[in-house]
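Take a look at the structure below.
Only the coordinates and a few stated rules stand behind these numbers; no lab work does. Bear in mind that the values here come from a model prediction, so they are computed numbers and not experimental data. Cβ sites come from the backbone with ideal geometry, for glycine too, and all protein chains shown count toward neighbours.
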Amino acid sequence: MLASPNQSFVIVGAGQAGGRAAEAMRKAGFQGRVILIGDEAEPPYERPPLSKAILVGAKPHGSCQLLPSGFYKENEIELLTETRVIALDPAAHRVKLADGREVGYDKLVLATGGRVRELPFAPIGRAGVYYLRTVKDSLTLGAALRRAKRFVVIGGGFLGLEAAASARKLGLEVTVVECLPAILDRAMHPKIAEYVAALHRRNGVEIRTGITVSEIASDSKVEAVICRDGSRIAADLVLVAIGILPNVELAEAAGAAIENGIKVDEFGRTTLEDVYAVGDVANHPNPILGRRLRLESWQNAQNQAIAVARGLCGAPQPYAEVPWFWSDQYDANIQMVGVPQETDDVVFRGDPTSGRFTAFNIARHRVVGATAFNMGGEIRFARKMIETGTTPTLDALADPRHKLKDLVAAHAASSQA
């Protein structure tokens, strides 16, 4: 049953998830009121270019906007930018704005995303210290990079590594410092991550792992990063890229269940009546993986938002997808599927030294994850393996003469026999 045209749907958070949710509501035929509220000056935009094309100035910042500028007016979506929601009143079905206004809703979607995790000794606003989350952050850091010579990145995750690659394109000396034994600890097995580290080293980046930063030395400007082991890394500017914190405060204050994000069911429903959550802030169940998780990815921000929005408009379907993520660094396109936190073995398909190969994470004889380096065509078959619980022999998986689609088909045939 379609939602009534007399209803009002409010979306708090005008990032990619919020923008896609509003778009999906109209595409699903909802004729009621749609109000999209965001605290940034920009209309909804995609974040991946911020550490790459926008950062180096290869594209104008407007190029990352999610939808054409006239879309919201043409589709009668009330877009409120530079507007902060300060409280939810689930009993009255209203949200309270910082300017004193209140907005009523029949259904509320929280797409509040996350904010950067700060280092206590490197607060936002300190001269020479940068964080990267917004368009404004990207433009500010990009301008600073053009004036600098030595750049230190604290944090060896994807964002920090992409920014490091961008800085190298601009000719800076770059050092990445990671406190854990390997970069990309949350995303990759160390055997796979080592090839990303090698990629950066070939391009002139110094990668230092197992090192904790304790201080940033500065007078009127940044001079060096001081590590706990006593080492000193010269720097003109520093990027802190140590992850994000989900913005759960509005939901938590209103009484919603919180568990590493806002806890939702397979339809995006929170524990508050008529309140939903999507994107980076939502901790949702994934029946394919058999666990709950909160994802910080382009795919999840878009697809979960679309699924939940369609459900609100009368076509509810559980959201269940194998996570997918990509990153472009130098001449490498890196694509990942699955959440391979449990890995018994890593199988390499192709020659890793060639720059074109796929690495598979194996757990309990099943494929649970895959990372493709310049081999994006194999990812859809790797995703199918995870979805179906394919258990190929390791020799067949490692041998490019055995097509992945044939391994998937063989598993399907044996399952039906």
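Below are the figures for this structure:
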read-out: Ordering of 364-371, 184-191 by packing [mean C-beta count within 10 Å, highest first]; value: 364-371, 184-191
read-out: Pairwise centroid distance, computed over Cα atoms, of the range 384-417 with the range 43-96, Å; value: 42 Å
read-out: Per-peptide average of other Cβ atoms within 10 Å, ordering 193-199, 227-233 highest first; value: 193-199, 227-233
read-out: Cα gyration tensor shape for the chain, rounded if a/c is under 1.5, else prolate or oblate; value: oblate
read-out: For the chain, share of DSSP beta bridges that run antiparallel, in % to the nearest 5; value: 60 percent
read-out: Relative contact order, percent, the range 267-417 [alpha-carbon distance under 8 Å, six or more residues apart]; value: 15 percent
read-out: Rounded FRET efficiency, nearest 0.05, which uses the C-beta distance separating S414 from S218 and R0 of 45 Å; value: 0.10
read-out: Loop sites in the range 235-311: chymotrypsin sites (Phe, Trp or Tyr not before Pro), DSSP, at most 14 other Cβ within 10 Å; value: none
read-out: Added length on full extension, which subtracts the Cα-Cα distance from 0.36 nm per residue, S69 to D274; value: 70.8 nm
read-out: Gain in span if fully extended, A143 to K403, counting 0.36 nm per residue against the direct Cα distance; value: 88.9 nm
read-out: Percent RCO, i.e. relative contact order, over the chain, from Cα pairs under 8 Å lying at least 6 residues apart; value: 14 percent
read-out: Cβ crowding within 10 Å averaged over residues, with 43-54, 140-151 ranked highest first; value: 43-54, 140-151
